[in-house]
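Asker: Here you go, one structure.
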Amino acid sequence: MFFSKNRDYFIFLQERGNKMITNKKEKTEPVLVNIIAQNTLIKGEMECKGDVRLEGSFEGSLKCEGKVVISETGRFRGDLFCNNADIAGYIDGDITVVGLLHLRSHAKLNANITTNKISIEEGAVFNGTCTMNKQSSKENNINKQNLAAVSHT
């Protein structure tokens, strides 16, 4: 599907669950969204530059340079390393988020969390540890570069 709203600004392309969004004026790289659908189970390791939306189940290691969204039906077991995360489902494992970790009201976590910022809605359940790393912008950029380097290996 192709959608154009003012050709000078936006081009939107959607194909088989992956989205590519380009802002021509800013000349940014496309944002890719990987969707793991409900009733799908993936086991193993996954590395990606774009965003991930988990509506099914994932067991293993996930390294993502973008944002990870785990919907209410999403289940994650393993190690998660990402830039930002928005969680409404279930997680069992270790989570490292460089930026903001947002726990929605339906989120259930048995996890050890390391993040710079956390937001927890009323109703979310969290069992485990949380380490807050308030860092300077320079340190944050170094962590983002490390995330990028890990994703390239």
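The values are calculated or read from the model by the stated rules, or taken from the named source; none is laboratory data. This structure is a prediction, so every number in the text was calculated from the model and none was measured. No Cβ is skipped: glycine too gets one built from the backbone with ideal geometry, and neighbour counts run over all protein chains shown. Keep in mind that these areas ignore ligands, DNA and RNA; they rest on the heavy atoms of the full protein, side chains included. Shrake-Rupley method; radii C 1.70, N 1.55, O 1.52, S 1.80 Å.
Asker: Taking the stated definitions as given, is Lys67 within 18 Å of Arg104 (Cβ to Cβ), open to solvent by 30 Å² or more (accessible area, probe 1.4 Å) and in a strand (DSSP E or B)?
Answerer: Taking the combined requirement at face value, the residue satisfies it.
Asker: Restricting to region 115-153, what's the tally of residues that are at pLDDT 80 or above and not in a strand (DSSP E or B)?
Answerer: 5
Asker: Can you find a residue in region 76-99 that is modelled with pLDDT of 95 or more, open to solvent by 50 Å² or more (accessible area, probe 1.4 Å), among the aromatic types (Phe, Trp, Tyr) and under 18 Å from Leu32 (Cβ atoms)?
Answerer: Checked against the condition, which is being modelled with pLDDT of 95 or more, open to solvent by 50 Å² or more (accessible area, probe 1.4 Å), among the aromatic types (Phe, Trp, Tyr) and under 18 Å from Leu32 (Cβ atoms), region 76-99 yields at least one hit.
Asker: Asn112 passes all but one of (1) within 10 Å of the chain's Cα centre (by Cα); (2) more than 21 Å from Ile35 (Cβ to Cβ); which number fails?
Answerer: (1)
Asker: OK, next. For region 17-57, list the strands (runs of 3 or more DSSP E) that sit wholly inside it and hold at least 3 residues that are modelled with pLDDT under 90, open to solvent by 40 Å² or more (accessible area, probe 1.4 Å) and at negative phi; which are they?
Answerer: 18-23
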